[in-house]
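The values are calculated or read from the model by the stated rules, or taken from the named source; none is laboratory data. Note that the coordinates shown come from a computational prediction; the quantities given were computed from them, not determined experimentally. No Cβ is skipped: glycine too gets one built from the backbone with ideal geometry, and neighbour counts run over all protein chains shown. These area figures cover heavy atoms from the full protein model, side chains too; ligands, DNA and RNA do not enter into them. Shrake-Rupley method; radii C 1.70, N 1.55, O 1.52, S 1.80 Å.
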Amino acid sequence: MGDDRRLLRGRQGMGSQGVDSSTLFLRNLGPGTEEGMLRQWVTSRVGPVRRVVVVTEKGAGESRRCKGFAFVQFAVAEDVQRAAELLNGQEWM
C-alpha cells in the first residue's frame, strides 16, 4: 500500500463537540486505510485501543474508501496526549 502512507496529524478529544477526552482525531489517512490495520498500528506504538472508527465514503459493500480521517478511542484516557505527541507528523504503514 505504498501510496497510502501519509503524515498523521492528531488532535485530542474535542469535548463539547461530541468526542470525549479519551478520543484522538487522526487525519491525512490514505484511501486504503482500514480499521483493523489502524488499530494494530496505533496499539503497537501507544497502548490499548477501545475503538477505532475510520470514516468512509457512502456506499454499499467493502469497497468504501477512507475519507482521510478516523477517530481512535483509547482504553486509558492518559494515552491520548502521549499518542498525539508520538503520532503527530508520523508516516504510518
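Of note:
- Dimensionless Rg ratio for the stretch 23-87, taking C-alpha atoms and the 2.2 N^0.38 Å reference: 1.11
- Cα-centred dipole magnitude for the stretch 28-74, charges only on beta-carbon of K, R (+1) and D, E (-1), debye, nearest 20: 140
- Residue 51 paired with residue 64, simple spin-label distance in nm, labels 7 Å along Cα-to-beta-carbon: 1.5
- Multiplying the residue separation of residue 40 and residue 90 by 0.36 nm and subtracting their alpha-carbon distance yields 16.5 nm.
- Overall, the accessible surface of the stretch 23-87 at a probe of 1.4 angstrom is composed of carbon and sulfur to the extent of 47 percent.
- Under the Karplus curve 6.51 cos²θ - 1.76 cosθ + 1.60, θ = phi - 60°, whole-Hz ³J(HN,Hα) for the stretch 48-54, x wherever Gly or Pro sits: x, 10, 7, 7, 10, 10, 8
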